[in-house]
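In what follows, a single structure is set out as structure tokens and then discussed.
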Amino acid sequence: MRYRSAATAGTSSPSATPGRADGRQVRLTLRRAGKHALLILGVVTTLYPVLWMLVSSLRPDGQIFGNPSLLLTTFHTENYAYGWTALGRPFSVYLFNSALVVIGSIIGNLVSCSMAAYAFARLRFRFQRPAFAYMLVSIMLPVHVVIVPQYILWAQAGLVNSFWPLIVPKLLATDAFFIFLMIQFIRGLPKELDEAARIDGAGHARIFFQIILPLMKPALATTAIFTFIWTWNDFFSQLIYLTDPEQYTVPIALRSFIDAQSSSSFGGMFAMSVVAIVPLVLAFALGQKYLVQGIATTGLK
């Protein structure tokens, strides 16, 4: 009987193991399905405002806020034609102004922040650590804290109502976030490259421009993309410094569609908002590879 029971137990255990494995597989499949369902729900929730804005740009003003669905019954393309000239001048004027500020900001951040990052990562100078700590503290300061003294300085210089207050600070390495990002990237590069170049007689300028800078393409691309997005969408700083309608950028122009004193053109505003989003989508689509690579390789070494 003992041998029979042992044999019976031996023959029954293999049949029980697949059952437990099947149950574990079912639970794992259900867990994965639940995660995917949550992710899909999050994507739909995130994209709904953008899709609703796109749909609303093709609806008459009277139907925009009365219909929250994404189904279109009519294609009211007149909103785009009206919105393009609704502010008294073509919307291309505001696109050009924003492009000018964005290009200047990108060039300024790439040049100044990369040089400052190289100085912190590779050079040794007096008060380096206090300067680095001050740079990190400046990341925590909101723009509202420094906007008043900056405005006073630019007003005394007579440069308010121009693009200079929006571009010149970028040339002075004021975006500490990008400096820190590039510092972490440079620290991940082997110092043997610098030593080999120094043996060949290269100085810091040659090492930076011929060795370090070509290897910083992911970090530079990340800086350029984030600068483009943040500057293109910046409303507060541009509203403070720009008062002439001829110099309005895209965010200020979109705000001009809403008038508290008279009727507002939401259809034209949504139509021009779609036009304003196109450069952002293109920039992210074209630079997604470098953006992901720059973020993934920064601060992990």
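Here, each number is a calculation from the coordinates, and none is a lab measurement. Predicted model only: the values in this text are computed from it and were never measured. Cβ placement follows ideal geometry from the backbone for every residue including glycine, while neighbour counts extend to all protein chains displayed.
The length gained on full extension between Leu47 and Leu215, counted as 0.36 nm times the residue separation minus their Cα-Cα distance, comes to 56.9 nm. A simple count of charges around Leu181, restricted to other residues whose Cβ falls under 12 Å of its Cβ and scoring Lys, Arg +1 and Asp, Glu -1, yields 0.
Legend: ranking of residues Ile240, Ile225, Ile147 from fewest to most surrounding C-beta atoms inside 10 Å; resulting order Ile147, Ile240, Ile225. A full extension of the chain between Val145 and Lys35 corresponds to an added length of 35.4 nm, given 0.36 nm per residue minus the alpha carbon distance.
3J(HN,Hα) couplings calculated from phi for the range 135-145 with the Karplus curve 6.51 cos²θ - 1.76 cosθ + 1.60 (θ = phi - 60°) are, in sequence order, 5, 5, 5, 5, 5, 7, 7, x, 5, 5, 6 Hz; Gly and Pro show x. For the listed peptides 268-274, 170-176, a ranking on the average number of other beta carbons within 10 Å per residue, highest first, reads 268-274, 170-176. Phi angles across the range 62-70 convert, under the Karplus curve 6.51 cos²θ - 1.76 cosθ + 1.60 with θ = phi - 60°, into 3J(HN,Hα) values of x, 10, 5, 8, x, 9, x, 6, 9 Hz, Gly and Pro given as x. Put the Cα centre of the range 55-69 next to the Cα centre of the range 153-173 and the gap is 40 Å.
Remark on Val160: its backbone amide H falls under 5 Å from none of the residues 5 or more positions apart or on other chains, H modelled at 1.01 Å from N. Arranged from fewest to most other beta-carbon atoms within 10 Å of their beta carbon, Thr29, Thr222 become Thr29, Thr222. Between the alpha-carbon centres of the range 178-226 and the range 101-131 there is a gap of 12 Å.
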